[in-house]
Amino acid sequence: MDVRANQGSMLKLILLSILVPALNVGLHFSIFLFFRSSDLPPVLNALLAVIWGIFGIYSIYFSLNWVVEQYSDKWKERVIPYVFVGPAVLLLGWLLFLPTLRTLYLSFFNADSTRFVGLANFGAVFTDRLLLTALRNNLLWVVFGTLACVILGMLVAVLADRSSFERLAKAIVFMPMAISFVAAGVIWKFIYYYQPGDDQIGLLNAIMVQLGLQPQGWLSMVQPWNNLFLIVILVWMQTGFAMVIFSASIKGIPEDMLEAARMDGAGEVRIFFKIMLPVISSTVLAVTTTIIVFTLKIFDVVMIMTGGQYGTEVVATEFYRQLFMYQNAGYGSTLAIVLLIAVIPVIILNLRQLQKEGSF
């Protein structure tokens with residue numbers, strides 16, 4: 001009798017474990033199809049979609065949690081983490097993993113995805129002059145942009161920490177982080193603006209004229225140095241990010257450790273390189289890799305300032321041009337995969353560092 005009861009209970013759990021997730025998928029997919037083909041006014045459609053999102057997520061977790069509560073205590077502890085993490089992983093897989101696989105698939109086909117070309121697109125990326133220029137420019141952004149942001153951010157964090165106007169200095173440096181890359185591009189476009197003659201409305205060229213020097217087309221004529229003038233915008237925006245993270249890490253260094261070093265006769269420069277820098281090395285790595293990812297994906301500033309002209313194109317602008325302007329799905333997908341491959345080592349480096357610290 002007990003065996004039959006146990007078998008019945010097990011069968012019930014198995015059925016619930018299959019039916020409840022299946023009902024959730026069916027119900028919410030049906031609602032999704034309804035909204036996709038709905039003729040409701042856009043505002044009402046958006047409002048109902050938001051309500052569905054809120055209550056839909058609640059209903060998914062509530063129903064799945066109810067199923068898990070029917071399990072024995074031993075299995076409940078094993079399954080409950082997957083219940084709360086599983087839907088998020090599935091959503092990320094749908095939004096990130098599947099599109100990545102499709103992009104990889106398209107990279108092996110020609111422009112209109114009708115003919116398989118193998119690795120021909122990847123070969124073109126590393127032989128085409130424009131694409132090689134884009135790769136070179138991305139390397140400039142990674143090296144000079146990252147180094148400048150990290151060094152200046154560290155410098156401001158250390159110096160401002162010892163000044164009487166620390167809050168004001170940090171607020172000023174951090175302020176550019178409050179605006180978008182597009183807005184920053186518009187601001188700096190006016191700074192670099194050039195027109196023939198002595199009547200200059202661009203700030204930099206107006207100063208040049210006042211000093212008796214010739215105005216320059218900073219973004220068009222001075223190649224390849226014009227890329228460095230674009231990198232200045234990244235440095236202006238991301239130095240504040242690096243400064244805030246470094247400052248928080250520096251304040252976490254025990255004061256008695258620094259005082260002991262000073263009592264032993266160590267100078268401030270030696271204290272920085274021998275004590276502070278090793279202690280915050282993991283923070284330096286995290287900030288560096290984060291900014292490297294920013295520079296690899298840089299798009300907004302280049303598109304607003306030059307449109308990728310005058311030798312300033314980067315991989316992201318070439319991806320946009322190939323896919324959306326030239327309708328070349330093969331090249332565009334290949335460039336997207338190249339960006340992904342470039343980012344993966346940085347992510348692995350971060351994960352290994354987190355693993356060493358016991359945070360992952």
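The values are calculated or read from the model by the stated rules, or taken from the named source; none is laboratory data. Keep in mind it's a predicted model, so treat the numbers as computed, not measured. So basically every Cβ, Gly included, is an ideal-geometry build from the backbone, and we count neighbours across all protein chains shown. Side chains included, ligands, DNA and RNA excluded: accessible areas come from the protein's heavy atoms. Shrake-Rupley method; radii C 1.70, N 1.55, O 1.52, S 1.80 Å.
The figures follow:
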{"read-out": "Filter result (surrounded by fewer than 17 Cβ atoms within 10 Å (Cβ to Cβ) and farther than 30 Å from Phe246 by Cβ) within the range 190-207", "value": "Phe190, Gln195, Pro196, Gly197, Asp198, Asp199, Ile201, Ala206, Ile207"}
{"read-out": "Failed condition for Gly332, given (1) surrounded by 14 or more Cβ atoms within 10 Å (Cβ to Cβ); (2) over 21 Å from the mean Cα position of the chain (by Cα)", "value": "(2)"}
{"read-out": "Qualifying residue in the range 270-287 (condition: open to solvent by 20 Å² or more (accessible area, probe 1.4 Å) and touching a Phe, Trp or Tyr at 6+ places or on another chain (Cβ under 8 Å))", "value": "yes"}
{"read-out": "In the range 116-138, the residues that are within 16 Å of Glu313 (Cα to Cα), surrounded by 14 or more Cβ atoms within 10 Å (Cβ to Cβ) and hydrophobic (A, V, I, L, M, F, W, C)", "value": "Val125, Leu131, Ala134, Leu135"}
{"read-out": "Residue within the range 67-80 that is surrounded by 13 or more Cβ atoms within 10 Å (Cβ to Cβ) and among the small types (Gly, Ala, Ser) present", "value": "no"}
{"read-out": "Filter result for the condition that a residue is in a loop (DSSP other than H, G, I, E, B), in contact with a helix residue (DSSP H, G or I) (Cβ under 6 Å, 6 or more places away or on another chain) and acidic (Asp, Glu), over Glu313, Glu318", "value": "Glu313"}
{"read-out": "Search result, residues across the range 54-83 that are of a type in the set (A, V, I, L, M, F, W, C), over 17 Å from Ile31 (Cα atoms) and in contact with a helix residue (DSSP H, G or I) (Cβ under 7 Å, 6 or more places away or on another chain)", "value": "Leu64, Val67, Val68, Val79, Ile80, Val83"}
{"read-out": "Selection status of Phe35, open to solvent by 40 Å² or more (accessible area, probe 1.4 Å) and in a helix (DSSP H, G or I)", "value": "no"}
{"read-out": "First in the range 131-156 and on the phi > 0 side of the Ramachandran plot, second anywhere and part of a helix (DSSP H, G or I), Cβ under 7 Å, 6 or more apart", "value": "none"}
{"read-out": "Cross-chain or 6+ apart pairs with Cβ under 9 Å, the range 10-38 first and basic (Lys, Arg), then open to solvent by less than 30 Å² (accessible area, probe 1.4 Å)", "value": "none"}
